[in-house]
1. Restricting attention to the range 84-113, which residues are modelled with pLDDT of 85 or more and among the charged types (D, E, K, R)?
2. Against the conditions (1) over 19 Å from the mean Cα position of the chain (by Cα); (2) at pLDDT 85 or above, where does LEU81 fall short? Just the number, please.
3. Restrict the check to the range 35-45 and report whether at least one residue is of a type in the set (Phe, Trp, Tyr) and either open to solvent by 50 Å² or more (accessible area, probe 1.4 Å) or more than 22 Å from HIS119 (Cα to Cα) (or both).
4. Pick from THR28, THR7: which is under 17 Å from LYS113 (Cα atoms) and among the hydroxyl-bearing types (Ser, Thr, Tyr)?
5. Would you pick out the residues in the range 1-26 that are without any contact (Cβ under 8 Å) to a residue 24 or more places away in the chain and either among the hydrophobic types (A, V, I, L, M, F, W, C) or surrounded by 15 or more Cβ atoms within 10 Å (Cβ to Cβ) (or both)?
6. Out of the range 2-28, which residues are within 23 Å of TRP120 (Cβ to Cβ) and basic (Lys, Arg)?
7. Would you mention how many residues in the range 70-100 are open to solvent by 60 Å² or more (accessible area, probe 1.4 Å) and among the polar types (S, T, N, Q)?
Amino acid sequence: RVQRSATRLLSGFAKYSYEERLRRLGITTLRKRRERGDLIEAYKIISGKEKIEKTQFFHPAKSDYNLRGHSLKIKKERSRLDTRKYSFSQRVVNSWNQLPQKVVDAQSINQFKNLLDKHWQDMDATGYTARSSPSTLQVQVQVSNFSDSLASIAMSQQKISVLASRCARMHART
């Protein structure tokens, strides 16, 4: 909300949508920057470039099946409290585990950053973005599903009116 309001304050930008303001200014959302920073820090810890024992934060996922993803997957620990659930070591797990092998195999921090940015650009170009606006195909599917839903709602409303009239007749008899 802060960035949304701040970009609106710039002269001449109030008339544009938030996404258009970001595009014109050449910046990304705070959420995306926070996620990028978390992934960079996770890379440093997991690859041993940070002088922190990685088992303090992460536990490797069992890779008995080795079906998808990369070899450095980490396990999301179960958490009872929100403070634990939203902590760094928990919130980064899903994003980290979705990265391809070539990104997590980077030899340096700068190479990781470049590969991560390239990976996200490729995902944006194909319409498979996580936590972003839906692609045209997704919108078409949603509209199609919406039309189907409207048809089923209309049928349900007819059934409800039939049931309501039956109930009213039964109630009138008693």
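1. Those that are modelled with pLDDT of 85 or more and among the charged types (D, E, K, R): ARG91, LYS102, ASP105, LYS113.
2. Answer for LEU81: the failing condition is (2).
3. no
4. Details: THR7 fails: under 17 Å from LYS113 (Cα atoms).
After ruling out the rest, the residue left standing is THR28.
5. ALA6, THR7, LEU9, LEU10, PHE13, ALA14, TYR16, ARG21, LEU22, LEU25
6. Within the range 2-28, ARG4, ARG21, ARG23, ARG24 qualify.
7. Qualifying residue count, the range 70-100: 4.
The values are calculated or read from the model by the stated rules, or taken from the named source; none is laboratory data. Predicted model only: the values in this text are computed from it and were never measured. Neighbour counts are summed over all protein chains in view; Cβ atoms, including those assigned to glycine, are modelled from backbone coordinates with ideal geometry. Ligands, DNA and RNA are stripped out before the accessible areas are found, and what is left, the full protein with its side chains, is counted by its heavy atoms. Shrake-Rupley method; radii C 1.70, N 1.55, O 1.52, S 1.80 Å.
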